[in-house]
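Single-structure report; data block below.
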Amino acid sequence: MNAAYVRQAFRSSTASLSSRTIGRSSRDALASHGRRIVSIRQYSDDKAPAAEVDAEKEVETEITPETELLKTIKAKEAETADLKSRLQYLQADFLNLQRNAAREKEQQRDFAITRFAGDLLETVDVLALALKSVPEDAFAQADSSSPDSSDSSSNSKSVQTYLKELHQGVDMTHRLLLSTLFKYHVKPFDPTGDMFDPNQHEAMYQAPIPGKEPGTILECQKTGYMIKDRLLRAAQVGVVQDTS
């Protein structure tokens, strides 16, 4: 009897303990489920403002026809400014090209006769030498030895008279040739007394001359010529030598 009573008491205590344990576990499950529901609700509430902000941004960034038109106008203005800048550069280049072409054309016109004028200078030199070969006192002799009245019937001229007339003709030819060259900007220059310049003078000899500064041109054997500002022919000169 005692043993049966003990077994019954053990069973009743085990049943009560199990019911308590199940009750606790049920309460704990309900509490954790409640906390989970609360956290989900809080997470949903936190996400709601962010979604509203995104929606507002989408509304703000929505492209309207006015915005599209403004963008197109700005792009066209930038393109117009670029084309205007390019046009200005092209116009400046074209003007420079025109100036250079006009300058080259003028130079070609001015210096077209350079070679011909250089060849013609030899003739000018020969005429100048012919004029220098006749001394000036020969003209005085020609004037003093004019034919007498008794010989005038023969209509003859003296040698001096012919020489004078020939000299005058050569001189006129020389002057006319120089004036023709002058029309094309070909000008002679005589550097006697100037300092020697290797860019314009050609030294034929050097001689020590007392009282003269070394490097001074003491004689011009052949006249130099310029065509505008360009050297056509250098002058052939004699230069004072430095004796120090």
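FYI, it's all coordinate maths here, none of it is from the lab. Keep in mind that this is a model prediction, so the values were computed, not measured. Positions of Cβ are generated from backbone atoms using ideal geometry, with glycine treated the same way; all protein chains shown enter the neighbour counts.
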- Nearest-0.05 FRET efficiency for F189 and A112 at R0 = 25 Å, using Cβ-Cβ distance, is 0.70
- Task: Specify the inter-centroid distance of region 177-201 and region 207-242, based on alpha-carbon positions, in whole Å.
- Result: 11
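With the Cα gyration tensor of region 65-110 giving a ≥ b ≥ c as the square roots of its eigenvalues, does the rule (a/c under 1.5 for rounded; else a/b larger than b/c for prolate; else oblate) give rounded, prolate or oblate?
Details: a/c = 12.08, a/b = 9.87, b/c = 1.22.
It comes out prolate by the Cα gyration axes.
Extension gain F182-L97, at 0.36 nm per residue separation less the Cα-Cα distance, in nm? Intermediate values should be presented prior to the final figure.
Values: separation 85, 0.36 × 85 = 30.60 nm, distance 3.11 nm.
Full extension of this stretch gives 27.5 nm more.
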- Task: Between L120 and T80, take the C-beta separation as r, use R0 = 45 Å, and let me know the FRET efficiency to the nearest 0.05.
- Result: 0.15
